[in-house]
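Just so you know, all these numbers are worked out from the coordinates, no wet-lab data involved. No experiment lies behind these values; they were computed from the predicted model shown.
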């Protein structure tokens with residue numbers, strides 16, 4: 001995790017020319033990005049998990 005944060009801070013200087021009205025090292029933006037990615041990962045795993053939990057295990061084993 002530390003390596004990712006250090007990498008993002010290093011790349012932030014390159015990306016800072018694309019940002020308008022926001023600092024490249026704004027901690028609120030980093031926190032919001034992490035939260036959005038966590039929510040998207042949770043939503044992306046919810047549909048397959050709900051499908052898997054509604055399947056009959058014996059039917060799933062027989063079909064493979």
Relative to the chain, whose Cα atoms define the longest principal axis, helix 2-15 and its Cα axis are tilted in degrees, nearest 10, by 50 degrees
The helix 27-54 Cα axis meets the longest alpha-carbon principal axis of the chain at an angle in degrees, between 0 and 90 and rounded to 10, of 10 degrees
Across 10 Å bins beginning at 0, the whole-percent shares of Cα-Cα pair distances in the chain come to 17, 31, 19, 15, 13, 6
